[in-house]
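The values are calculated or read from the model by the stated rules, or taken from the named source; none is laboratory data. Just so we're clear, the structure is a prediction, and the values are computed from it rather than from any experiment. Cβ atoms come from the backbone with ideal geometry, glycine included; neighbour counts cover every protein chain shown. With ligands, DNA and RNA removed, areas are computed over all heavy atoms of the protein, side chains included. Shrake-Rupley method; radii C 1.70, N 1.55, O 1.52, S 1.80 Å.
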Amino acid sequence: SGGSRLFESIRKWYYNAAGFNKLGLMRDDVLYEDDDVKEALKRLPEPLYNERIFRMKRALDLSLKHQILPKDQWVKYEEDKRYLEPYLKEVIRERLEREAWNKK
């Protein structure tokens, strides 16, 4: 429908306006690292973790130089995968389960 296309256009616009993709970062790279996120990061397979570290080091280097990547290297909205999401959902589910158990 027209409303969902408009919403998707706004999401894409906001994604690009946020600017992290211009440094080669993905959405999950810029999550606030609370206890749940920190635990999820510990559970990432090594290749995914290493890719994240590379993106963050490159972004820090670019930021210090006040530069951005060439446009053809920006992370596109359609290519940004939520690589941390399954691990984060598992961590949150376990925490909620633990909290419910402790209330008994």
Please enumerate the residues belonging to segment 57-81 that are over 18 Å from Y15 (Cβ atoms) and under 17 Å from the mean Cα position of the chain (by Cα).
-> K57, R58, L60
Failed item, numbered, when Y83 is tested on (1) of a type in the set (F, W, Y); (2) open to solvent by less than 60 Å² (accessible area, probe 1.4 Å); (3) part of a helix (DSSP H, G or I) | (3)
Which one is surrounded by the fewest Cβ atoms within 10 Å (Cβ to Cβ), of the residues in segment 36-50 that are of a type in the set (D, E, K, R) and in contact (Cβ under 8 Å) with a residue 24 or more places away in the chain?
-> R43
Selection within segment 3-35 - within 14 Å of the chain's Cα centre (by Cα), open to solvent by 50 Å² or more (accessible area, probe 1.4 Å) and among the small types (G, A, S) = A18
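Identify all residues within segment 3-18 that are without any contact (Cβ under 8 Å) to a residue 24 or more places away in the chain and not hydroxyl-bearing (S, T, Y); write none if there are none.
G3, R5, L6, F7, E8, I10, W13, A17, A18
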Going by the structure shown, is D72 assigned to a helix (DSSP H, G or I) and without any contact (Cβ under 8 Å) to a residue 24 or more places away in the chain?
-> yes
For the subset of segment 86-104 comprising residues that are among the basic types (K, R) and in a helix (DSSP H, G or I), which member is modelled with the lowest pLDDT?
-> K103
If you go through segment 15-31 one residue at a time, do you hit one that is part of a loop (DSSP other than H, G, I, E, B), among the acidic types (D, E) and farther than 19 Å from K71 by Cα?
-> no
